[in-house]
Structure formats: structure tokens, C-alpha cells
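Since every read-out is calculated from the coordinates, none of them should be taken as a lab result. Fair warning: this is a prediction, and the values are worked out from it, not measured in the lab. Because the Cβ atoms are built from the backbone with ideal geometry, glycine has one as well, and the counts that use them run over all protein chains shown.
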Amino acid sequence: MTLFEKIIAREIPAQIVYEDDLSIAIRDINPQAPVHVLVIPKKPIARVGEAQPEDQALLGHLLLTAAKVAKQEGLENGFRITINQGVDGGETVPHMHVHVLGGHSLSWPPG
């Protein structure tokens with residue numbers, strides 16, 4: 001069971017900022033921006049590269065939820081959505097999730 005599955009099951013505490021039937025959004029415990037929220041599907045998908053065609057609606061839901069959370073968090077000046085894939089992509093938990101980052105100007109290119 002991944003860390004995120006334990007959070008979804010309420011076995012580990014987290015600061016939840018949004019939840020619906022398909023996803024949960026929590027504050028990152030190691031924020032990389034003033035606002036750093038993770039939007040996590042309740043259905044465990046190890047990484048975006050392993051999503052299946054039947055996950056298409058869920059993946060779209062995660063992006064719409066990320067935008068909803070960004071608005072809720074007051075990120076009207078802009079935000080960044082990131083999904084990490086694999087070690088070189090910065091993946092640390094094998095449960096796909098969407099990072100919503102904002103609250104200040106974000107530089108490009110990242111890292």
C-alpha cells in the first residue's frame with residue numbers, strides 16, 4: 001500500500017484541501033512553492049506512463065480538479081501543473097499524482 005493509499009484510507013493524516021469521489025487534494029509536506037497541492041486519484045495508477053485507455057476520463061478529471069484547486073487557492077495570476085514520471089522525472093511515490101504549484105512567479109525551464 002502506497003503512502004497516498006494510506007492517506008486516502010485515513011491511516012495517515014494529511015491536510016486535505018479538496019475531495020470528491022475520484023480524487024483527493026492535499027498540501028505537499030515538502031512544498032516547492034508557496035502553494036503546493038497534490039491532486040491524487042483514489043484509483044491507484046503507479047505512474048502516468050502506466051495509465052490505461054480506460055483511465056482517460058479519470059486523467060481528465062485530475063486536470064480539471066487541479067484547475068479547481070488552483071482557483072480555490074487564489075492562484076489567479078497563474079500556476080503550474082506537473083506530473084513526475086520515473087526517477088529522472090522526480091517521481092518519489094509510485095502512485096500517480098498532479099502537482100499544483102503557484103503563489104509566486106515560476107521560472108522556466110524548471111530544474
Margin query: Within the range 21-70, take every residue that is assigned to a loop (DSSP other than H, G, I, E, B) and among the hydrophobic types (A, V, I, L, M, F, W, C) and give me the one that is surrounded by the fewest Cβ atoms within 10 Å (Cβ to Cβ).
Written below: 29
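Condition check ((1) of a type outside the set (Ser, Thr, Tyr); (2) touching an Asp or Glu at 6+ places or on another chain (Cβ under 8 Å); (3) closer than 21 Å to residue 19 by Cα) across all residues:
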{"position": "49", "(1), (2), (3)": "yes, no, no"}
{"position": "54", "(1), (2), (3)": "yes, no, no"}
{"position": "59", "(1), (2), (3)": "yes, no, yes"}
{"position": "62", "(1), (2), (3)": "yes, no, yes"}
{"position": "73", "(1), (2), (3)": "yes, no, yes"}
{"position": "85", "(1), (2), (3)": "yes, yes, no"}
{"position": "91", "(1), (2), (3)": "yes, no, no"}
{"position": "106", "(1), (2), (3)": "yes, no, no"}
Check: Restricting attention to the range 51-110, which residues are over 13 Å from residue 38 (Cα atoms) and among the basic types (Lys, Arg)?
Finding: 71
Check: Is there a residue in the range 84-96 that is surrounded by 14 or more Cβ atoms within 10 Å (Cβ to Cβ), outside any loop (DSSP other than H, G, I, E, B) and out of contact with any helix residue (DSSP H, G or I) (no Cβ under 7 Å at 6 or more places or on another chain)?
Finding: no
Item checked: Of all residues making up the range 83-110, the number that are within 12 Å of the chain's Cα centre (by Cα) and more than 18 Å from residue 55 (Cα to Cα) -> 5
